[in-house]
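The values are calculated or read from the model by the stated rules, or taken from the named source; none is laboratory data. Everything numeric in this text was worked out from a predicted model, so none of it was measured. Here the Cβ positions follow ideal geometry from the backbone for every residue, glycine too, while neighbour counts run over all protein chains shown. Quick note on the areas: whole protein, heavy atoms, side chains included, nothing else; ligands and nucleic acids left out. Shrake-Rupley method; radii C 1.70, N 1.55, O 1.52, S 1.80 Å.
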Amino acid sequence: MITIISGSNRKNNKTLHFAKHAYEKLCLETTEEVRFLDLSTIVGNVVYENMYRDSQQPKIIQDIQNNYFIPSSKFWFFIPEYNGSYPGIVKLLLDIMSVREIKPSFNNKKACITGIASGRAGNLRGMDHLADVLNHLGIHVHPNKNPISSIFKILNSEDNSINDDAEKTIQNQIIQLLKF
């Protein structure tokens, strides 16, 4: 199973459009089950005193871990640039999940990363930060981390479709993910 993760918990975020597009394209290219995890759907408070205790882990985090991480062999993270790195919700999710079923969730799995940014660098630094954390957890990260820059020039403002250059980037990463 492959899980695509749209790594922003902000409502109406632009990362979601790229991740959904990749999900639709990937489903056409593989017979493997592909699941889509939109972090903007996390509701409620997952930050509390005992969140790092296995037995008191937030229910929504347990559900994400059980339904998206444990059964997956590959992940594709779409990560927007927030303050020169990746969103805190992604780090928090990985941190909380690391207290329960860490090996079945992460060990010897594979991941690709696509950076999303309104600026010119496509979240290069954030992709490197995330790759370091994923490697620490035991996930093998594909060396070709793909930046998508200047997203407001790429996204059609009327229907949020993407241009041909971004389409090629996503299609190339699909090929890399499936061969990885």
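Hey, could you check segment 122-147 for residues that are assigned to a loop (DSSP other than H, G, I, E, B) and touching a residue at least 24 places away in the same chain (Cβ under 8 Å) and say which is surrounded by the most Cβ atoms within 10 Å (Cβ to Cβ)?
Once the filter is applied, the top-ranked residue is Asn123.
Scan (1) without any contact (Cβ under 8 Å) to a residue 24 or more places away in the chain; (2) touching a Gly at 6+ places or on another chain (Cβ under 6 Å) for the single condition Val90 breaks and write down its number.
Answer for Val90: the failing condition is (1).
Please enumerate the residues belonging to segment 157-180 that are closer than 21 Å to Lys74 by Cβ, in contact with a His (Cβ under 7 Å, 6 or more places away or on another chain) and either not in a helix (DSSP H, G or I) or not hydrophobic (A, V, I, L, M, F, W, C) (or both).
Selection gives Gln176, Phe180.
Determine which member of the set Asn144, Asn163 is among the polar types (S, T, N, Q) and out of contact with any Leu (no Cβ under 9 Å at 6 or more places or on another chain).
Selected residue: Asn144, the only one of Asn144, Asn163 that is among the polar types (S, T, N, Q) and out of contact with any Leu (no Cβ under 9 Å at 6 or more places or on another chain).
List every residue pair whose Cβ atoms sit under 8 Å apart, with the two residues 6 or more apart in sequence or on different chains, where the first one lies in segment 157-176 and is farther than 15 Å from Gly122 by Cβ and the second, anywhere, is among the small types (Gly, Ala, Ser) and surrounded by 12 or more Cβ atoms within 10 Å (Cβ to Cβ).
That search, which allows pairs on different chains as well, returns Ile174/Ala22.
Within the group Phe69, Phe75, which residue is under 27 Å from Asp165 (Cα atoms) and aromatic (Phe, Trp, Tyr)?
Phe75
Could you please tell me which pairs satisfy a Cβ distance under 6 Å, a separation of 6+ or placement on different chains, a first residue in segment 49-73 that is open to solvent by 60 Å² or more (accessible area, probe 1.4 Å), and a second residue that is in a loop (DSSP other than H, G, I, E, B) and of a type in the set (Val, Ile, Thr)?
Within 6 Å, the pairs are Tyr52/Val99; Asp54/Val99.
Quick one: count up the residues across segment 96-121 that are within 24 Å of Gln57 (Cα to Cα), open to solvent by 60 Å² or more (accessible area, probe 1.4 Å) and either of a type outside the set (A, V, I, L, M) or in contact with a strand residue (DSSP E or B) (Cβ under 8 Å, 6 or more places away or on another chain) (or both).
Matching residues across segment 96-121 total 4.
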